[in-house]
Amino acid sequence: MEDALARYDDTRARDKALYLSWLAAGYLDAGEVEHSTAITARVLDLSEGLASVRAMARARLMAKRLEPHRSLAPVGALLERAKG
């Protein structure tokens, strides 16, 4: 799935952000915290500057779900970024 999304053009950023947010949730559910964090960072990248409230809401939801893992450096960095 990740390979398919990599080929998905960023001009469709809203859709791609939403799809990636669901993928990030799946990785987190599977215990893959760092992979989920990296994908959530990409969701934030795509969501910035979009008029889509839904894409940003999904990014914030994932950040909230990652909070219990804030002691991991990548998660802490993502949480700081998501605040701003």
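Worth pointing out:
- Of the criteria (1) more than 14 Å from the chain's Cα centre (by Cα); (2) at pLDDT below 95; (3) surrounded by 13 or more Cβ atoms within 10 Å (Cβ to Cβ), which one R7 fails: (3)
- Counted residues, the stretch 32-76 - those being more than 10 Å from the chain's Cα centre (by Cα), part of a helix (DSSP H, G or I) and under 12 Å from L18 (Cα atoms): 3
The values are calculated or read from the model by the stated rules, or taken from the named source; none is laboratory data. Remember, predicted model here, so these are calculated numbers, not experimental data. In this analysis, Cβ positions are derived from the backbone assuming ideal geometry, glycine residues included, and neighbour counts consider all displayed protein chains.
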